[in-house]
1. Rounded to the nearest 500 deg cm²/dmol, what is the calculated helix-only ellipticity per residue at 222 nm for the chain, with -39500 (n - 2.57) per DSSP H run of length n ≥ 4?
2. Compute the FRET efficiency between residue 9 and residue 82 as 1/(1 + (r/R0)^6), taking r as their Cβ-Cβ distance and R0 = 22 Å, and round to the nearest 0.05.
3. So for the pair residue 56, residue 96, with labels modelled 7 Å out along Cα→Cβ, what separation do we get in nm?
4. Which stretch or stretches of segment 64-100 have amide N atoms under 15 Å from the point lying 7 Å from residue 35's Cα along the Cα→Cβ direction?
5. Distance in nm between label sites at residue 21 and residue 47, each 7 Å beyond Cα in the beta-carbon direction?
6. Please tell me the relative contact order of segment 6-98 in percent, rounded to the nearest whole number, where contacts are Cα pairs under 8 Å and at least six residues apart.
7. How big is the Cα convex hull of the chain in projection, averaged over all directions, in nm²?
Ligand SMILES: [Zn+2]
């Protein structure tokens, strides 16, 4: 049996960082309590915390500028302008695998 190597298989969702730890490191301050927390939005000039982040799924949504995504990978891609694979590597969710 020869298994085709598809690049998509390099992404390992199970290795995505814990959303709360990730957002705390990225955003500095995060409000306490509840699943959805508030933080300053990095996608626009924010003076009052308008970014809402889900500490369980990693989803985020800015109530002011409309930036949003479904997980920390989306956040990494959008904040740093990275393509999928580079963002996955940056957050440690990329399986380098073995060289053939
Ligand atoms: Zn915003």
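Read-outs: derived from the displayed coordinates by stated rules, not from any lab. These numbers were taken from a predicted model, which means no experiment stands behind them. Positions of Cβ are backbone-derived with ideal geometry, glycine not excepted, and every protein chain shown enters the neighbour counts.
1. Computed mean residue ellipticity for the chain: -7000 deg cm²/dmol.
2. 0.70
3. 3.5
4. Under cut-off, by backbone N: 70-71.
5. Label-label distance for residue 21 and residue 47, simple model: 3.6 nm.
6. Once divided by the residue count of segment 6-98, the mean separation gives 29 percent.
7. Numbers: hull surface 29.6 nm².
Taking a quarter of the hull surface, the average projection is 7.4 nm².
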